[in-house]
């Protein structure tokens, strides 16, 4: 095989990749300079409040109190039925240590929807 005819044939793909990288750098710079990363770092409860921020500073976690019921009935419209809790429950008391919402003013949860969080030690 004659090696004198070898030449670069992927210049167009290389230029497209470099343009993509430059575009991603520009989007990242704009996102951090003009955006608010906290909007995607903290979960929201069903009233639209961010857990762990402002008046919910001690309620850092989101608990879906109707997860089993919605999964059983395949209700995707109610998938956001969650409340901000101060800690994940470790035993079934049918009430949560949560910040009440309009849909769940007493922080109650039924037995079918109650799930216990168990810490994992690796």
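For the reader, a short list of remarks on this structure follows.
- Of all residues in segment 43-98, those being on the phi > 0 side of the Ramachandran plot and without any contact (Cβ under 8 Å) to a residue 24 or more places away in the chain number 4.
- Residue 53 vs. criteria modelled with pLDDT of 75 or more, surrounded by fewer than 17 Cβ atoms within 10 Å (Cβ to Cβ) and either within 23 Å of residue 41 (Cα to Cα) or touching a helix residue (DSSP H, G or I) at 6+ places or on another chain (Cβ under 6 Å) (or both): yes
- Look at (1) at pLDDT 80 or above; (2) under 26 Å from residue 110 (Cβ atoms); (3) surrounded by 11 or more Cβ atoms within 10 Å (Cβ to Cβ) and you find that residue 48 fails only one, number (3).
- Taken over segment 41-63, residues that are part of a helix (DSSP H, G or I) and in contact with a strand residue (DSSP E or B) (Cβ under 7 Å, 6 or more places away or on another chain) amount to 1.
- If only residues of segment 104-122 that are within 14 Å of residue 67 (Cβ to Cβ) and surrounded by 14 or more Cβ atoms within 10 Å (Cβ to Cβ) are counted, the one that is modelled with the highest pLDDT is 104.
- Total residues in segment 79-101 satisfying the condition of being within 15 Å of residue 48 (Cβ to Cβ), modelled with pLDDT under 85 and surrounded by fewer than 18 Cβ atoms within 10 Å (Cβ to Cβ): the figure is 2.
The values are calculated or read from the model by the stated rules, or taken from the named source; none is laboratory data. Remember, predicted model here, so these are calculated numbers, not experimental data. When we count neighbours, we look across all protein chains shown, and the Cβ atoms used for this are built from the backbone with ideal geometry, even at glycine.
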